[in-house]
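No value in this document is a laboratory result; all are computed from the given coordinates. Since the structure is predicted, the reported quantities are computational estimates derived from the model, not experimental observations. Heads up, the Cβs are rebuilt from the backbone with ideal geometry, glycines too, and the neighbour counts pull from every protein chain shown.
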């Protein structure tokens, strides 16, 4: 039958586009970066060294900046961006987004506070000496802030997954593993971004101890990520019906390419290939930056794949 | 007693003529390019000459367990006193979470108000005047029945009690209040 | 580069005489006016729709000066207060920026789309000057007048007659003419269908679920869904009515007549026909019975691709339900040049079933005069016929009057397409001017190129319409008519089983400088010096006179919009006659069987139903008895090309109405998967369809809902003039593919042809 019922564009399955994918990426990156930074600090034997390590400084920069960029994406994707304050005064606590807003409302200022603490010695160098008194005032509360921020970062990292997994019409999104997958891939992105910034901004040495420790996390994180992806796809496969139909996204269309080239090839393949290189080569600054950028690209591609392919298959 | 408004779409009687689509647009001043209601004539399915069309009403399902209401961060989407899923356009920020979350894809952003929009059983216009929704009142073949399912004597109660009906995507647990009487192949005697 | 100096620019854009060829805003269109809120003329006004030819009773309510909500008028019971998509969207005409609200004069070459706004006075003067000059030089008969049938054609044809031309045409020969003439040949009058009470209905592609005629559509659904009627559909395409049917038989296009004759054969040979009915009412049965002896279901099978066993079974099934069973005689016709035989053969089945004036059968309209006579009292007022003294008698014959076989068409709207041969080849004589009102032959007449050539040959063309239609685009003068929501019109007769009247009324104040056509042609007549033949002052005085000065009844009619009188009466149905007699004590005495059977008379020469007709034989030798004649509708290597109606458009008229254009603006061609597969065509592919007269590019819709040897498209798409912005260039223009072929006797434009298909 010919279409006699009119325009169908409003029914196109993909509602949320790349801006949201980028937001999910940036929020995950922010959380992952801080989780890695703080986690490594806690895992260190003597915590109270006067000198902040370069990877933590990187995390302190990435944490607040990435979340702010992400929120900017989110706000300007609203149809009424100038009414965004409504979302800060009206809460529906059944809504994952409302809970996320609350979490971000706490997380974002804490990320800034923590950044001031960690970067207190660098502030004057960057012409932000006026912030130093605040940083010094916050310093005594570091432990509390660090602890809260760590918990909230887990929340924010996972929230990006919960946000889209709460939509039960989409079999690929509506899975228990998605928040975990997003959290882990956020860690992966955070680690990569931390090393890039540590190397470029805080002149970290390629043989830096902290960098090395972070580097050693990469393979296990990646392994967990791959495991979660396998779980996601096998769950879809065994669920059958519309869920199994969603697996077509792995074999057809643009998003299959994004997955195999972006997520698998660049995100997992490039870092793994570099591991086969001789130690000298793979520990060069160039190699480390390449691996980090590949990881970041992979994570960004994963967010796009999940957002687009996920919305394309509705049950 | 609180009302439980439901609508029944008899796919046997529906001829896919779009009278409902147009009446809805006129009554509710729905802007060009977006739509609250369409009936898609899908198919024909089957092997000739045993073919059949499916008359698929696409509009808000007025779910009792509405994903759009659950996900709305500001409470702009809510159930009114009679259970009609309603939008407070002044509270809507346009995050499109409801549009994304609706399993039926029947929410859209109104280009004039910039807020989410959809069928609300004509509650501001016709229902307020005590009339049936526009689609029901114009349907040439009486394929639509609307009323209070809590009233055992209502037309809708009688139909639901005597005819086989189904709800779209009921496996998602949304409990739509649009019921559909499926097409009986090869003729439409009841 | 074109140089525009200030002077020529000002000249081009000057007010009043704005001429622009390429501007996005059409001169004379609503877009050129400032948008003002609608001014409602009542809270809810009862009126009559005009979005198609059915003309359903409606009610219209203005919403916030912005929209109009149109519903059906519940006073008209069989219409149920319902309205279709087209009717519901009618208000979109009102504020469509592309609507014409100023008279327009052509200033460039014909069809170039260069227009200048003129005042009504200038328009009338131009019209008077041109038409009167042509009349003086060549005679009034060289001006053709054509109009959509209905409220407007009355005034329009009155104008034509006052002018002195016999050449008036409706769109009948392009659409429903055949069944009307077949009915008149056999019964002396048009018949109506009592669908809702039928227990068994055979339908030859009368697609009431897409070509919506509100009361009949509802009645068919009522019969099917509420009363369990069986519906059998013979149609080459799986239409909506085919979907809703109990049986769909994909018949070979144009062979319906063979099925109808085979059913007649079974009814007679199996002795299933109503012999008492035939004895009492039918003339020429024996000749007919002798003829159908040859038309066995086995004979029909290879012609129609329908199994003989099915035909035989269906004939027996419908006979078992007689007389409460009917065969639908259709609406838009001309599947074959043998239209006359086909429609008569369908009526013949109904006659054999003896369903005339029975519930679930066919019946004659009961207007006030007849009804009152039976009731023995004045149940309903009769409408006065407003006649004018001193109308000129045209001395010339009609252009379609040279062939006697078309006798019946002359009083039934004529053979519209005969305008083409007259204009192009002076057959039987030349035409110099063409005046049209709300008709769009460039879309609805066969062979668009020929229509265009004919228009180009005319010295003067006037078109009255609400849009610059595909036809108006080639006019010299366009007269902008008010939409139906801005017009008052004559009281119309809507009698069925009992008398009923309804009336069109203004819903909103007129927008822009438009006028109702009755006023346009009255004022034009004044300018032409024949104003004395239009003695009425305005519409109100006409309505008043129609109701014989009964102001109270007129007021009631205007309030309700639709008035029905009495109760349904079918002369041969005992229960209805009994109820009628109980209601009216003065009623005529019934026959012994409690019916008015003996009172049933037909307006034929014999006063009976003429199953075979000596009258028809006299003007169309060989056609007195219904007979099968093989017809060549396509070449062996071609596909049948057939068309039909869609629920959201009216063939030549609605494709630019914004709401409806937004619902559907393209008519993807239905192609069977096997046919498409051979050509490598998939749904959505661009395809080219070529016939003997034209070639169209469109898109493909691959579907099992069509025969392998047939392709189908919805009518009315693919407009080719730039003025209809929303419709132009979208879809397949059916008229451009159909050759100008005319069916014998009924003069119908043939709507089936052969085409070749290719992937672009």
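Summary table
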quantity	calculated
Cα gyration tensor shape for region C:28-80, rounded if a/c is under 1.5, else prolate or oblate	oblate
Helix A:54-76 axis, angle to chain A major axis (alpha carbon atoms, nearest 10°)	40
Rule-of-thumb Rg ratio for region C:639-759 [Cα; 2.2 N^0.38 Å; N residues]	1.05
DSSP beta bridge pairing in chain C, given as percent antiparallel to the nearest 5	50
Alpha-carbon Rg with Dmax, taken over region A:1-74, Å	21.1, 75
Distribution of pairwise C-alpha distances over region C:58-114, 10 Å bins, in %	20, 33, 21, 18, 8, 0
Mean projected area in nm² (Cα convex hull; one quarter of hull surface) for the protein assembly as shown	58.3
Global form of region C:556-628, assessed from the alpha-carbon gyration tensor, a/c cut-off 1.5	oblate
Globularity index of region A:4-132, i.e. its alpha-carbon radius of gyration over 2.2 N^0.38 Å	1.37
Percent antiparallel among DSSP beta bridges (both partners in region C:639-759, rounded to 5)	60
Three-way shape label, region C:510-657, alpha-carbon gyration tensor, a/c 1.5	oblate
From the C-alpha gyration tensor of region A:13-312, square roots of 5λ in Å	32, 26, 15
Kirkwood hydrodynamic radius (C-alpha pairs) into Stokes-Einstein, region C:128-194, 4 °C and 1.567 mPa s, D in µm²/s	94
Binned Cα-Cα distance frequencies in region B:100-153 - 10 Å width, integer %	20, 36, 36, 8, 0
Rough spin-label spacing in nm, given labels placed 7 Å along Cα→Cβ, for residue C:456 and residue C:34	4.4
Chain C, Rg to Rh (Cα coordinates; Rh as Kirkwood inverse mean 1/r)	0.96
Inter-centroid distance (Cα atoms) of region B:61-82 relative to region C:313-380, Å	54
With Cα atoms, 0 to 90° folded angle of helix C:448-457 axis to chain C main axis	50
Cβ-Cβ FRET estimate between residue C:429 and residue C:386, R0 fixed at 45 Å, reported to 0.05	0.90
Euclidean distance of C-alpha centroids, region C:410-476 and region C:149-205, integer Å	20
Stokes-Einstein D in µm²/s, Kirkwood radius over Cα pairs - region A:141-197 at 20 °C with 1.002 mPa s viscosity	172
Antiparallel content of DSSP bridges confined to the protein assembly as shown, in %, to 5	60
Relative contact order, percent, region C:639-759 [alpha-carbon distance under 8 Å, six or more residues apart]	36
Normalised contact order of chain C, rounded percent, pairs of Cα under 8 Å and 6 or more residues apart	18
Normalised per residue, the volume of the convex hull around the Cα set of region B:5-181 (Å³)	129
Degrees, to the nearest 10: A:209-239 long Cα axis against longest axis of chain A	10
Centroid-to-centroid separation of region A:86-150 and region C:605-646 [C-alpha atoms, Å]	89
Over chain B, relative contact order from alpha-carbon pairs under 8 Å, at least 6 apart, %	32
Descending semi-axes in whole angstrom, ellipsoid equivalent of region C:406-486, from the Cα gyration tensor	22, 16, 11
